[in-house]
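To start, I am sharing the structure in question, which I have written as structure tokens.
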Amino acid sequence: MATGGVMTPGVDPNSQQLDEDELRCACTEATNAGKTTAAHAQGMEGIKNAIRAGITTVEHGIYLDDEAIDMMLERGTFLVPTLAAPFNIVEHGLEAGIPAHAVQKSERVMEDHQKSFYKAYQKGVKIAAGTDAGTPFNRHGDFVTELELMAKNGMNHYDVLRSATKIAAEAMKLDDKTGTVEAGKVADLLLVPGNPLDDISVLRKVAKVFKEGQCYFSNNVKEQAVVSI
């Protein structure tokens, strides 16, 4: 917890929580144990603390300036933007029973969040797709909304797909096993009736799912297209 957040009442997303020394201690112990680290980090100073501490992934990254982005590039820090989290809160709002403080804070941060995401993408920060599922109306299994929002906010479809596969695998240190379609890796494949490079939303129309080469789901459609990235 590098900063405050949106869902907790009375907390400012810009406020620093664990300080840099505490974060560095956690990162050091995780590295010693061969583990990765992730920081809930929304405010600018908390994000920078996390990056300097050696965090693997910055989750959210709502307020990113040029210095923070350059730090991420220098250290190879990943950004997991979770654009779907504030989007779903604002989209459903008070009428859906979401607490007023969460709606108000989401409305306040959403535009800056989108701008920070695009700026980081333009400058070449490694972006891994993630949803922050569990926040209001941000359901487990609805991964495509995040990918659609990444595309809507300026990321080309090829890079969106990479963020959900190759880059995500690298962030999790699983890229020796999965994340790309190539010899020696497990055959984890998703087939859809269309080309997500043209329309990212076709990922909602799953035709077949293979895990380690075994088909776990089939919609029995006659035509499928698979994109290797």
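Which one of these is assigned by TED's automatic domain parsing to the domain that holds THR56 and either in contact with a Phe, Trp or Tyr (Cβ under 8 Å, 6 or more places away or on another chain) or under 30 Å from ASP112 (Cα atoms) (or both): LEU147, LEU174? Spell out how you get there, then give the answer.
Numbers: LEU174 fails: either in contact with a Phe, Trp or Tyr (Cβ under 8 Å, 6 or more places away or on another chain) or under 30 Å from ASP112 (Cα atoms) (or both).
Of LEU147, LEU174, the one residue that is assigned by TED's automatic domain parsing to the domain that holds THR56 and either in contact with a Phe, Trp or Tyr (Cβ under 8 Å, 6 or more places away or on another chain) or under 30 Å from ASP112 (Cα atoms) (or both) is LEU147.
Separate question: Can you name the residue in region 48-78 that is among the small types (Gly, Ala, Ser) and surrounded by fewer than 21 Cβ atoms within 10 Å (Cβ to Cβ) and, of all such residues, is farthest from GLU146 (Cα to Cα)? Before you say what the answer is, go through the steps one by one.
Taking region 48-78 and keeping what is among the small types (Gly, Ala, Ser), we get 50, 53-54, 61, 68, 76.
Those left that are additionally surrounded by fewer than 21 Cβ atoms within 10 Å (Cβ to Cβ): 54, 76.
On the way: GLY54: 26, GLY76: 22 Å.
Only one residue fits best here, namely GLY54.
Mind checking which residues of region 167-199 are surrounded by 19 or more Cβ atoms within 10 Å (Cβ to Cβ) and touching a Ser or Thr at 6+ places or on another chain (Cβ under 6 Å)?
Residues satisfying the conditions are ALA169, ALA171, GLY179.
Tell me, which residue of region 1-44 that is polar (S, T, N, Q) and over 25 Å from SER106 (Cβ atoms) is surrounded by the most Cβ atoms within 10 Å (Cβ to Cβ)?
Initial filter on region 1-44 (polar (S, T, N, Q)): 3, 8, 14-17, 28, 31-32, 36-37, 42.
Restricting the remaining residues to those that are over 25 Å from SER106 (Cβ atoms) gives 28, 31-32, 36-37.
Values: THR28: 13, THR31: 13, ASN32: 8, THR36: 15, THR37: 17.
By that ranking, first place goes to THR37.
Say whether the condition of being assigned to a loop (DSSP other than H, G, I, E, B), of a type in the set (Phe, Trp, Tyr) and either modelled with pLDDT of 95 or more or closer than 22 Å to MET71 by Cα (or both) is met by at least one residue in region 147-159. Write out each step before concluding.
First pass over region 147-159, keeping only residues assigned to a loop (DSSP other than H, G, I, E, B): 153-156.
Imposing the further condition that a residue be of a type in the set (Phe, Trp, Tyr) reduces the set to none.
No: region 147-159 contains no residue that is assigned to a loop (DSSP other than H, G, I, E, B), of a type in the set (Phe, Trp, Tyr) and either modelled with pLDDT of 95 or more or closer than 22 Å to MET71 by Cα (or both).
The values are calculated or read from the model by the stated rules, or taken from the named source; none is laboratory data. All figures in this text were calculated on a predicted structure; none of them were measured in a lab. When we count neighbours, we look across all protein chains shown, and the Cβ atoms used for this are built from the backbone with ideal geometry, even at glycine.
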